[in-house]
Amino acid sequence: MIAKPRKTPLYILKLQALLRRLPPSHPKVPQITEELTKRMAGFKGELAADYQLSLIDHPNRVILTDLRLPHALTHFQMDTLIISPKAAVIIEVKNIAGTIYFDPKFNQLIRRKDGQETAFADPVLQSRRLEFQFSEWLRKNHFPALPIHTLIVISNPQTIIETPSAHSAALAKKVIHAQMLPFELKLLEAQYKKVFLTEKELEKMARSLNRANEEIDVQITNKYGILHSELVKGVLCPDCSGRFERYKGGWLCSGCQKKNKWAHLEALNDYRLLIGSTITNKKIREYLSLVSPSSATKLLQSLNLKSSGQNKGRVYELELQEKSTPS
């Protein structure tokens, strides 16, 4: 059972919205593009691991993805958590191309690619930390002390994995290519015999984990030092460089002349991601380049948004409309 399916991370949605709303000539565009490319690579790696998980049945297992749980004064994050009555498996996905060398002496990962070497934090050390943090979460929330095993999944099938020969056997129990994930889970399932959780306790744990999840939510414009006045306003056409204008209860693109009744939804999504979660009649007119207050009111009312206040002081709560994950 998938108790928490994977969705596009909020941080990626904010980066995408920011690029849509900045002029192409803005000096921060290259930096934001680079960050988005890096995060999309990680996300697609996680989707590749999800595909391998979809190839096998998961009776009496609960799968939760992209969990961020509180621990002490900070948080810890797991790409995928699989819980059964007998054990928990944490899956950490790495989408790194080239040759990767696990250095056990200095606890680092070295990537060799195109004649260059790049050092990364050691995923094996990270996995030990996650096992400890999750065991502490179980203890503090009064759940049984499940056996916890971490798998480091390399999503790129062409990545070459190396380590000193003396450590290769130990590393092979921790680090696998994504294609091996279904087989490794079956081996782990056979390894654990003792039952720690009943079916009801398993479901209770899944609910508790979902409630405890805290997705990171940063003000992306502040992070990159961008003023709201620098953002491109209006309803943008996804097919050309034009903008939509209000036309007979819908929208007409000034460039390609395409009509779209709901073109404002993505624009309001961008507002929610970049500016704020509430909006007024005045603000939506400024943002969508609407002239008529009554037209703005009709548009807001058509969205069935929660609101508070009266007349000019009415404030509407914007809800984020999610798109499907990339293929």
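The values are calculated or read from the model by the stated rules, or taken from the named source; none is laboratory data. Just so we're clear, the structure is a prediction, and the values are computed from it rather than from any experiment. A quick note on method: Cβ atoms are made from the backbone with ideal geometry, for glycine too, and the neighbour counts reach across all protein chains shown.
Within the group I90, I110, I83, which residue is under 19 Å from A172 (Cα atoms), in the same structural domain as K7 (by TED's automatic domain parsing), at pLDDT 95 or above and in contact with a helix residue (DSSP H, G or I) (Cβ under 7 Å, 6 or more places away or on another chain)? Full working, then the answer.
Numbers: I110 fails: in contact with a helix residue (DSSP H, G or I) (Cβ under 7 Å, 6 or more places away or on another chain); I83 fails: under 19 Å from A172 (Cα atoms).
Step by step, each of I90, I110, I83 is checked, and only I90 is under 19 Å from A172 (Cα atoms), in the same structural domain as K7 (by TED's automatic domain parsing), at pLDDT 95 or above and in contact with a helix residue (DSSP H, G or I) (Cβ under 7 Å, 6 or more places away or on another chain).
Kindly indicate whether S241 is in a loop (DSSP other than H, G, I, E, B) and closer than 20 Å to I32 by Cβ.
Values: in a loop (DSSP other than H, G, I, E, B): yes; closer than 20 Å to I32 by Cβ: yes.
Judged against the criteria, S241 is a match.
Just the residues that are of a type in the set (S, T, N, Q) and either surrounded by 11 or more Cβ atoms within 10 Å (Cβ to Cβ) or modelled with pLDDT under 90 (or both), please, taken from region 305-327. Explain how you work it out, then say what you get.
If we filter region 305-327 for residues that are of a type in the set (S, T, N, Q), which is where we start, we get 307-308, 310-311, 321, 324-325, 327.
Passing the criteria: S307, Q310, N311, Q321, S324, T325, S327.
Which residue is nearest to D239 (Cα to Cα), if the candidates are limited to region 20-42 and must be touching a helix residue (DSSP H, G or I) at 6+ places or on another chain (Cβ under 7 Å), assigned to a helix (DSSP H, G or I) and in contact (Cβ under 8 Å) with a residue 40 or more places away in the chain?
R20
Can you tell me which residues in region 93-133 are part of a strand (DSSP E or B), surrounded by fewer than 21 Cβ atoms within 10 Å (Cβ to Cβ) and touching a Ser or Thr at 6+ places or on another chain (Cβ under 6 Å)?
Those that are part of a strand (DSSP E or B), surrounded by fewer than 21 Cβ atoms within 10 Å (Cβ to Cβ) and touching a Ser or Thr at 6+ places or on another chain (Cβ under 6 Å): R111, R112.
What are the residue pairs meeting all of these: first residue in region 46-73, first residue within 20 Å of N156 (Cβ to Cβ), second residue among the aliphatic types (A, V, I, L, M) and not in a strand (DSSP E or B), Cβ atoms under 7 Å, and 6 or more apart or on different chains?
Pairs found: A48/A178; A49/A178; A49/L181; Q52/A178; Q52/L181; L53/L181.
Within region 306-321, work out how many residues are closer than 18 Å to K261 by Cα and among the hydrophobic types (A, V, I, L, M, F, W, C).
Count: 0.
Scan region 278-288 residue by residue and report those that are within 19 Å of N260 (Cβ to Cβ) and loosely packed, with under 14 Cβ neighbours inside 10 Å. Before the answer, list the steps.
Just the residues of region 278-288 that are within 19 Å of N260 (Cβ to Cβ), to begin with: 284, 287-288.
None; the set is empty.
Being in contact (Cβ under 8 Å) with a residue 12 or more places away in the chain, over 30 Å from I91 (Cβ atoms), in contact with a helix residue (DSSP H, G or I) (Cβ under 9 Å, 6 or more places away or on another chain) and not basic (K, R) narrows it down to one of I216, I220, I226, I176, so name that one.
Being in contact (Cβ under 8 Å) with a residue 12 or more places away in the chain, over 30 Å from I91 (Cβ atoms), in contact with a helix residue (DSSP H, G or I) (Cβ under 9 Å, 6 or more places away or on another chain) and not basic (K, R) holds for just one of I216, I220, I226, I176, which is I226.
Quick one: is A72 on the phi > 0 side of the Ramachandran plot, at pLDDT below 95 and more than 14 Å from the chain's Cα centre (by Cα)?
On the way: on the phi > 0 side of the Ramachandran plot: yes; at pLDDT below 95: yes; more than 14 Å from the chain's Cα centre (by Cα): yes.
Considered against the rule, which asks whether it is on the phi > 0 side of the Ramachandran plot, at pLDDT below 95 and more than 14 Å from the chain's Cα centre (by Cα), A72 comes out as yes.
It is to be established whether one or more residues within region 122-132 are within 30 Å of K204 (Cβ to Cβ), touching a helix residue (DSSP H, G or I) at 6+ places or on another chain (Cβ under 6 Å) and at pLDDT 95 or above. Talk me through it step by step, then tell me what you get.
Residues of region 122-132 that are within 30 Å of K204 (Cβ to Cβ), as a first pass: 126-132.
Narrowing the set further to residues that are touching a helix residue (DSSP H, G or I) at 6+ places or on another chain (Cβ under 6 Å) leaves none.
No, every residue in region 122-132 fails to be within 30 Å of K204 (Cβ to Cβ), touching a helix residue (DSSP H, G or I) at 6+ places or on another chain (Cβ under 6 Å) and at pLDDT 95 or above.
Can you confirm whether K7 is closer than 29 Å to E266 by Cβ, assigned to a helix (DSSP H, G or I), in contact (Cβ under 8 Å) with a residue 60 or more places away in the chain and not small (G, A, S)? Write out each step before concluding.
Numbers: closer than 29 Å to E266 by Cβ: yes; assigned to a helix (DSSP H, G or I): no; in contact (Cβ under 8 Å) with a residue 60 or more places away in the chain: yes; not small (G, A, S): yes.
When the stated conditions are applied, K7 does not pass them.
Search region 244-256 for residues being within 21 Å of P23 (Cβ to Cβ) and in a strand (DSSP E or B), and hand back the single one that is nearest to the chain's Cα centre (by Cα). Show your work before the answer.
Initial filter on region 244-256 (within 21 Å of P23 (Cβ to Cβ)): 244-245, 253-256.
Now narrow it down to the ones that are in a strand (DSSP E or B): 244-245, 253.
Numbers: F244: 30, E245: 33, C253: 32 Å.
Among them, the one singled out is F244.
What helices (runs of 4 or more DSSP H) lie completely within region 257-327 and have 2 or more residues being under 19 Å from L19 (Cα atoms) and either among the β-branched types (V, I, T) or touching a strand residue (DSSP E or B) at 6+ places or on another chain (Cβ under 8 Å) (or both)?
Details: elements: 264-274, 281-288, 293-302.
Where helices (runs of 4 or more DSSP H) fall fully within region 257-327 and carry at least 2 residues being under 19 Å from L19 (Cα atoms) and either among the β-branched types (V, I, T) or touching a strand residue (DSSP E or B) at 6+ places or on another chain (Cβ under 8 Å) (or both), they are 264-274, 281-288.
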